[in-house]
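Undergrad: The structure under discussion is supplied below as structure tokens; questions concerning it will follow.
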Amino acid sequence: MLTDLKTAKRVTGAKQVTRALKSGSAQRVFLAENADPRITEPVADLCREQGVETVSVPTMAALGSACGIAVGSAVAAIVE
């Protein structure tokens, strides 16, 4: 699943992922398990409301690396 992030169109960060969810363009959302729940919980709740699949990733560093960025990421999404 993480390999999909390397090639797909994606957004990272809570604000951009939230925007993608609200606009209906998010297809799958990735949440880092070690991220602050104050960041991930609202995104997870919105995913449930929108019926968007979520994928749990062990660490923020792993998620950031999968997105091709040099820093960790709490959330990321594959978008249309």
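The values are calculated or read from the model by the stated rules, or taken from the named source; none is laboratory data. The structure displayed is predicted, hence computed values, not measured ones. Neighbour counts run over all protein chains shown; Cβ positions are idealised from the backbone, glycine included. SASA here: full protein model, heavy atoms, side chains in, ligands and nucleic acids out. Shrake-Rupley method; radii C 1.70, N 1.55, O 1.52, S 1.80 Å.
Undergrad: Give me the pairs, please: first residue somewhere in the range 14-39 and closer than 15 Å to Gln50 by Cβ and open to solvent by less than 50 Å² (accessible area, probe 1.4 Å), second residue anywhere and at pLDDT below 95 and among the charged types (D, E, K, R), beta-carbon distance under 6 Å, and either six or more positions apart or on two chains.
TA: Here the result reads Ser25/Glu80, each pair linking the range 14-39 to a residue that is at pLDDT below 95 and among the charged types (D, E, K, R).
Undergrad: Another question, if that's okay. Which numbered condition trips up Thr59, out of (1) among the β-branched types (Val, Ile, Thr); (2) closer than 18 Å to Glu80 by Cβ; (3) touching an Asp or Glu at 6+ places or on another chain (Cβ under 8 Å)?
TA: Thr59 satisfies every listed condition except (2).
Undergrad: Okay, moving on. Please work out which residue is modelled with the lowest pLDDT, limiting yourself to the range 1-13 and to residues that are polar (S, T, N, Q) and surrounded by fewer than 12 Cβ atoms within 10 Å (Cβ to Cβ).
TA: Per the stated criteria, the residue is Thr3.
Undergrad: Considering the range 40-50 alone, what residues qualify as being free of Cβ contacts under 8 Å to residues at least 24 places away in the same chain and open to solvent by less than 70 Å² (accessible area, probe 1.4 Å)?
TA: Ala44, Asp45
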